[in-house]
Amino acid sequence: MSASTELTIGDYIDILRRHKWMIVGAVVVCLAASVALYEVLPKTYRSTTTILLEGQKIPENYVKTGVEGKVDSRLYAVQQIVMSRTLLAKIGEQFGLITPQMSSFERESVVQSMRQRTQITKMRLGHLKGQDTTEGFTLSFDHTDPVITMKVAEALAAQFIEQDLKLREQVLEGASEFLDQELKLAEAKLEEQEQAISAFRAKYMGELPQQMEANLRTLDRLQTEVIAARDNVQAAKNKIEVLDQRIKEATAAAAQGVTQAASSTSGQPTHGGDPLLARLAELERNLTALSAEYRDNYPDIILLRKEIDSVKAQLALKYGVQKEEVQQGSPKLIDPIVLDLMRQRDEAVKDLEARQDRLRRLLEQVKDYEGRVERTPMREQELSILVRDYDNMQKNYQALLDKRLNARLAENLEKRQKGEQFRILDPANLPIAPESPKQYMILLGGLVVGCGLGGGAAFALELFRPAFRRVEQVEGLLGVPILAGIPSFATLIGAGKKSIAGPPSAIEGKKKSRLLGYLKRGRDRELSASQMGTNLIPSTISWNLVAKWWPDSMISEQYRVAATRLALMSKEHDHPVALVTSSVLGEGKSTTTLNLGYIFAHALDKRTLIIDCDFKRPSVSRYLGIASAPGLSDYWSGTHSIEACIHQIEDGPLWVLPAGMESHRVFELSKIRQIEQLLNELKPNYDQILLDTPPVFPLADLNFLSRLADVMVFVIMAGKTGRDVVETAFKALRPQCKVGIILAGVESTSMPYYHYYHHDEERVVARYAARR
């Protein structure tokens, strides 16, 4: 089939129908092989035991189970233990599956085989309780020996129960040990948390939430003291200001007294002045006078300086000042009253500093207590976190104590086998019938393989040996116009059952046309002589000359279409010669020639001559039921004239020139010229001449005969002739004239239209009897 043609479901069905016997044969062979395979394969037996999950014997209100989790996960863990290499090898040695003489590789192979032969199927019964849990499981084992199968299944079931108990005990023991360790850790953390709380209280003493009220009261008291301290500071400042005013007044009076003492040194006594000051002033004037005249090492100058130092010492002692501060006109050289005022001021300053220091300390205390009050919420939150952690740890510690108690109770429960456990409900059975191979599966597999092989071969044949099956395929590939698509003669089978046909002896076996291969042979085409009286219509004639005996059939209609198109193709010629050929033998070219000739003669009312040029296998005379001699070969041998060799068929405008006697049927290339001359002589007497020529392969006759034709009719048997054969034939011919193709044997389902067949057998019999 063309790669560009999309296949439909109908096309696939047609392919399967065309190769149905090959498919049936493949199916039968595969089924037979399946039966033989079933007999040859070793039989295996399977033993099954049912293990049920029993609940706890003591109510969980009193003692809770210590093994939590789903049964599926526990079953999976136990399965991994039982399916381990160690346990399987021990069971294999126990029942003779593994012998001491085996190598390590063989022992491993046996263990792997045992693991693969063991099947565990869970029993889902939890939906009865509103849950989807496993309530049990079935364990099965298969082997060629049924007794060993049963014993191994029993041993595996016992191992499941034993390993489950061990696993539960290990879980509970591990839980108890773990809880003891966790309890010690929780106790250590609890003590550590208690120490952390104590350290926190000691570190933030005064800022704790419970000290909030005391801090507020202290803060109120300090605020009152701060106000009083500020008043005291202000009073001290006022006192200092008063003393400063009095000192200022006294100092002014002292300065006035110094001035009067200075004036007394000039010769006028001064009342109320200090004589030491007057003496100091006089000595300094004398020193100035001597320094202007003499040097510093002058004896009088040295004596004056010593006396001045002595007077200054007396004044410093008198007024309580430093010696260096004693100068003429100094405000510190005042009287005792001023000095007393200054002493009072100094005391007032010290008192002010003391009061300011107290105020500063009070303010710092206020600030400290305000900070305490402000930080109290934060400390409360931090302390609450520590207390909360402590409470949680205490609760955890108590919970661990309870869990350790429950774990010990659950451990004692499991050791006394009062908890949840697996129990064998149905012990392993002794298998009687083999579990595998399954006969129906092998047969089904054989059927599937047979169908696959048959169908695959059918499609492979269609793919690797493509043939023309539709008219559009021929037009698309060869590019040559199609005269008609002749339906398969199988459409006449229904009619053949009802029509009058001769006995099997009337059918010529091997010489029969390939078109008859679509028909049913035997009883479908024969009626007893007692039913019909006489053999009126020979079978070969009735089936090949369809245009005569079935004029209303779809086949006859297509022959009429082909004849009409052929006439239109050759309308340029007055007496056209049409050559009918095919690629290989058996494509229906002779049948096509006869039906075209009959249509030209009776439907188109043309004087038609059919010349049988197939000297190797002449069929025209045999299909028409006339003698094959005298014919063309007899004319060439000179024994008969051409008029004697041409036979008229049933008083109609149809004549036939048979091939002639077999002894005279020797075609030589030199006789091509004679055929050409003969055609030139016969053309004026006939409106249409049809040449039934040999196929292109394997003969070379057609290469010369094709030059004598005006139109070539190429017959292709649908579904039989390969496309490559047809293409090669066209390349070998290289026709110089017009070419039209008739696709014979087309299935009715692939026709672009379909006509129902109307047949009147009495009319056919009457027509044949009358013409006879």
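The values are calculated or read from the model by the stated rules, or taken from the named source; none is laboratory data. Since this is a predicted model, take the numbers as computed values, not measurements. Ideal geometry is used to build each Cβ from the backbone, glycine not excepted, and the neighbour counts take in all protein chains shown. We work out accessible area using only protein heavy atoms, side chains counted, and drop any ligands, DNA or RNA first. Shrake-Rupley method; radii C 1.70, N 1.55, O 1.52, S 1.80 Å.
Express the carbon and sulfur contribution to the solvent-accessible surface of the range 398-478 as a percent, rounded to the nearest whole number, probe 1.4 angstrom. Each step should come with its number before you reach the end.
Numbers: 2960 of 4870 Å².
It is 61 percent, rounded to a whole number.
Ranked highest first by the average count of other Cβ atoms within 10 Å around their residues, in what order do 438-447, 681-690 fall?
For the peptides 438-447, 681-690, the packing ranking is 681-690, 438-447.
Hey, can you rank 18-26, 288-296 by average C-beta count inside 10 Å, highest first?
Answer by packing, highest mean first, reads 18-26, 288-296.
Are there trypsin sites (Lys or Arg not before Pro) in the range 376-422 that DSSP marks as loop and that have at most 14 other Cβ atoms within 10 Å, and which are they?
Sparse-neighbourhood loop trypsin sites (Lys or Arg not before Pro): 416, 418.
May I ask you to order 622-634, 421-433 by the average number of other C-beta atoms within 10 Å around their residues, highest value first?
So the peptides 622-634, 421-433, ranked by packing, come out 622-634, 421-433.
Send over a whole-number figure in Å² for the accessible area per residue of the range 177-243, probe 1.4 Å.
Ligands and nucleic acids excluded, the result is 66 Å² per residue.
How big is Rg to Rh over the range 355-454, alpha-carbon atoms, Rh as the Kirkwood inverse-mean-distance radius?
That ratio equals 1.73.
For the range 549-624 and the range 369-387, compute the distance between their C-alpha centroids and round to whole Å.
122 Å
In whole percent, and with a 1.4 Å probe on the protein chains, what portion of the accessible area of the range 553-611 is carbon and sulfur?
The value for the range 553-611 is 50 percent carbon and sulfur by accessible area.
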